[in-house]
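The values are calculated or read from the model by the stated rules, or taken from the named source; none is laboratory data. This is a predicted model, so every value here is computed, not measured. Because the Cβ atoms are built from the backbone with ideal geometry, glycine has one as well, and the counts that use them run over all protein chains shown. Each accessible area value is taken on the protein alone, full model and side chains, heavy atoms only, with ligands, DNA and RNA left out. Shrake-Rupley method; radii C 1.70, N 1.55, O 1.52, S 1.80 Å.
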Amino acid sequence: MARADTALIIGAGAGLSASLARKLAAAGWDVALAARDVGKLAALAAETGASTHGCDAADPASVAALFEALDAAQRAPAFVVYNPSFRVRGPLIELDPEQVRRTLEVCAFGAFLAAQQAARRMLAVGRGSIFFTGASAGVKGFPKSAPFAMGKFALRGLAESLARELHPQNIHICHFVIDGGIASASRVAAPGTDSLLDPDAIADTYLHALHQPRSAWSHEIALRPWVETF
């Protein structure tokens with residue numbers, strides 16, 4: 001029996017990444033989950049059969065070790081989702097520079113590290129997909145949120161550049177603008193309003209993009225609830 005393709009979700013946890021893990025596992029994928037705190041992934045891993053891996057997404061050595069561990073198990077990922085996020089808010093003149101640096105490292109530099117490792121392996125086999133989870137802040141800046149905008153604008157630029165470089169080499173790059181709040185156990189939309197994005201619905205869109213014919217690949221998809229203003 002042929003080994004299932006591996007999907008790697010970096011920055012895994014509750015919400016969107018959990019929805020993705022469940023849907024990928026149900027579709028027959030071999031799922032790997034990476035996060036700084038792997039303890040929080042135990043229940044999801046048990047539910048989906050996924051493996052768990054400790055990883056600091058902003059640390060080059062940690063990201064390299066993650067991919068090397070999958071290589072050693074003959075599980076080089078055919079699909080990588082970069083989902084980590086970090087933000088610091090406040091008036092410009094009061095921001096802690098180290099927290100700003102961390103925002104940029106997690107939102108953008110870590111995405112570069114993951115994409116570089118993934119692309120090396122995907123180019124060697126001639127196929128693969130790398131998806132990035134973006135945000136409203138990647139297309140519009142908000143007051144007292146400059147660091148997050150800096151990080152997400154950089155992520156969006158990385159994705160567009162990689163799409164132009166790697167699409168002709170059969171590596172699908174897609175950036176998702178999540179323009180609105182995501183529903184969770186602690187964040188529930190009023191009945192009948194659909195005012196928050198359903199993480200399962202977002203995951204469905206990721207999987208639809210994953211299976212797009214390469215003659216019509218999307219490199220960016222914006223998702224927002226119908227009540228969200230542009």
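Quick notes on this one:
- Accessible-area composition of the chain, carbon plus sulfur, in percent [1.4 Å probe]: 55 percent
- Helix-only CD estimate at 222 nm, as mean residue ellipticity for the chain, using -39500 (n - 2.57) per DSSP H run (n ≥ 4): -12000 deg cm²/dmol
- For a label point 7 Å along the Cα-to-beta-carbon line of D194, residues of region 200-230 with backbone N under 13 Å: 201-202, 224-228
- Rounded FRET efficiency, nearest 0.05, which uses the C-beta distance separating Q99 from A72 and R0 of 35 Å: 0.50
- D30 sits with roughly 40 Å² accessible to a 1.4 Å probe, with DNA, RNA and ligands left out of the calculation.
- Alpha-carbon Debye profile of region 47-86, log10 I(q)/I(0) at 0.15, 0.21, 0.35 Å⁻¹: -0.40, -0.77, -1.27
- Extreme residue, positive dipole direction of region 79-121, given options N83, Q99, Q116 (C-beta unit charges): Q116
- Anisotropy class assigned to the chain is rounded, per the alpha carbon gyration tensor with a/c under the 1.5 cut-off.
- Neighbour net charge for L33 - beta-carbon separation under 15 angstrom, K R +1, D E -1: +1
- Taking the Cα centre of region 16-90 as origin and assigning +1 to Lys and Arg Cβ atoms and -1 to Asp and Glu Cβ atoms, the resulting dipole is close to 380 debye.
- Residue-count net charge about R22 - beta-carbon cut-off 15 Å; Lys, Arg +1, Asp, Glu -1: -4
- Under-5 Å amide H pairs with F132, H placed in peptide plane, nonlocal only: Y82, C174, H175, F176
- Between T229 and K140, residue separation times 0.36 nm minus the direct Cα-Cα distance comes to 30.8 nm.
- Treating each Cα of region 14-131 as an identical point scatterer and summing with the Debye formula, the log10 of I(q)/I(0) at q = 0.09, 0.10 Å⁻¹ comes to -0.27, -0.33.
- Of F86, F109, the order by accessible heavy-atom surface (1.4 Å probe, DNA, RNA and ligands excluded), from most exposed downward, is F109, F86.
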